[in-house]
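**Q** Here it is: the structure, laid out below.
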Amino acid sequence: DASEIKIENCIITGNEAYKNGGGLNVEGTPTTITNCTFTGNTAKNGGGIYIMETSTRCPVVTISGGTIGSTDTDKANNATGNGGGIYVGNLCKVILKNNDSTGCTIKGNTAKLGGGVYANNADVSMNGRTQIAVNEVNNDVYLDNNSLINVAGPLTAGHPVARITPKTYSLFPQVKVLDGNAVGSEHGKFTVTKQTSPTTQEWAVGSDGKLKHK
């Protein structure tokens with residue numbers, strides 16, 4: 001519940017928390033992280049960064065540029081529970097955007113749910129060259145309890161920019177996973193984790209930000 005915290009040009013690596021926030025635990029304080037690297041941090045939830053509300057505030061954490069995780073041996077952030085890279089708690093928000101021309105990259109992280117990012121009734125905003133790498137098994141974005149990815153502007157890191165794992169797969173009613181002004185042009189840059197239970201089904205994101213059969 002401080003007024004603001006700014007972390008710039010730092011390397012946060014090799015830390016461990018018994019419960020939440022191996023690298024950084026944010027409780028209620030608006031936080032700006034610029035051009036920082038988080039690697040090799042571990043916790044039950046939020047191996048790299050854990051964001052949670054307090055009785056007075058739901059914080060916004062803005063991450064500009066930098067890297068969260070690594071595909072190098074022993075440098076991934078890991079959560080034995082949820083949110084290997086970042087855990088975004090109830091009613092909180094994380095904004096992932098450029099630092100000048102360099103976007104925020106989240107890669108190589110592992111967790112039970114949401115290896116890259118786990119959102120619990122929360123908002124994950126992506127813009128610019130932000131990329132949550134999809135070429136690893138675990139580094140996805142898990143959207144739990146009405147969470148959404150807010151596409152705030154053009155995503156220029158290439159295709160795909162993230163892999164979404166929704167809590168629920170459904171056509172009736174449809175499940176919304178994307179929101180924001182740029183959804184109509186950027187929705188095709190997201191992939192969706194294949195449904196395996198109770199049936200096997202390929203999914204995609206429509207121009208309205210809702211799940212559809214592929």
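The values are calculated or read from the model by the stated rules, or taken from the named source; none is laboratory data. What you see is a predicted model; the values in this text were computed from it and never measured. Methodologically, a virtual Cβ is constructed for each residue, glycine included, from the backbone with ideal geometry; neighbour enumeration extends over all protein chains shown. Please note that ligands, DNA and RNA were not included when accessible areas were found on the heavy atoms of the full protein model with its side chains. Shrake-Rupley method; radii C 1.70, N 1.55, O 1.52, S 1.80 Å.
**Q** Relative contact order of the range 1-127: what whole-number percent is it, with Cα pairs under 8 angstrom and at least 6 residues apart?
**A** RCO, the range 1-127: 23 percent.
**Q** A follow-up question, please. Could you grab the Rg to Rh ratio for the chain? Cα atoms only, Kirkwood for Rh. Before the final figure, lay out each step's value.
**A** Numbers: Rg = 15.8 Å, Rh = 16.6 Å.
Reported Rg/Rh (Cα atoms, Kirkwood Rh): 0.95.
**Q** Another question, then. Tell me, what is the percent relative contact order of the chain, built from C-alpha pairs under 8 Å that lie six or more residues apart?
**A** Relative CO of the chain lands at 13 percent.
**Q** How big is the accessible area of CYS92 in square angstrom, nearest 10, if you roll a 1.4 angstrom probe over the protein chains?
**A** Accessible area of CYS92: about 0 Å².
**Q** Along Cα→Cβ, 7 Å out, is where each label goes; now give me the distance between the ones at LYS19 and THR34 in nm to one decimal.
**A** Those two pseudo-labels are separated by 3.3 nm.
**Q** Further question: Over 24 Å between C-alpha atoms is what I'm after, so list which of LYS97/LYS194; LYS167/LYS189; LYS75/LYS210 land there. Walk me through the numbers before you get to the answer.
**A** Details: LYS97/LYS194 27 Å; LYS167/LYS189 20 Å; LYS75/LYS210 34 Å.
LYS97/LYS194; LYS75/LYS210, as the Cα separations exceed 24 Å there.
**Q** How much length is gained if the chain between THR199 and ASP72 is pulled fully straight, taking 0.36 nm per residue apart and subtracting their Cα-Cα distance, in nm to one decimal?
**A** Taking 0.36 nm per residue and subtracting the Cα distance, the gain is 42.3 nm.
**Q** Further question on the same structure: Using only helices, what value at 222 nm comes out for the chain when you add -39,500 (n - 2.57) per DSSP H run of length 4 or more and divide by the total residues, to the nearest 500 deg cm²/dmol? List each step's numbers first, then the result.
**A** Values: 1 runs with 4 residues, N = 214.
It comes out at -500 deg cm²/dmol, rounded to the nearest 500.
**Q** Next question. Express the carbon and sulfur contribution to the solvent-accessible surface of the range 128-214 as a percent, rounded to the nearest whole number, probe 1.4 angstrom.
**A** So the carbon and sulfur contribution to the accessible surface is 48 percent.
**Q** Now for a separate question. In terms of the Cα gyration tensor, with a ≥ b ≥ c the square roots of its eigenvalues, is the range 140-181 rounded because a/c is under 1.5, prolate because a/b exceeds b/c, or oblate?
**A** prolate
**Q** State the three equivalent ellipsoid semi-axes of the range 162-212, derived from the C-alpha gyration tensor as the square roots of 5 times its eigenvalues, in descending order and whole Å.
**A** Working: eigenvalues 74, 26, 13 Å².
For the range 162-212, the semi-axes come out at 19, 11, 8 Å.
**Q** I'd like to check one number: the per residue accessible area of the range 152-214, probe 1.4 Å, reported in Å² as a whole number.
**A** Normalised by residue count, the accessible surface of the range 152-214 is 52 Å².
**Q** Also: Only bridges with both residues in the range 140-214 count here: give the DSSP antiparallel percent, nearest 5.
**A** In the range 140-214, DSSP labels about 45 percent of beta bridges as antiparallel.
**Q** I've got another one for you. Convex hull volume of the Cα atoms in the range 15-129, per residue, in Å³?
**A** Per-residue hull volume (Cα only) is 80 Å³.
**Q** To continue, here is another question. At 0.36 nm per residue, minus the direct Cα-Cα distance, what do SER207 and ASP179 gain on full extension? Give it in nm, one decimal, please.
**A** Full-extension gain reported as 9.1 nm.
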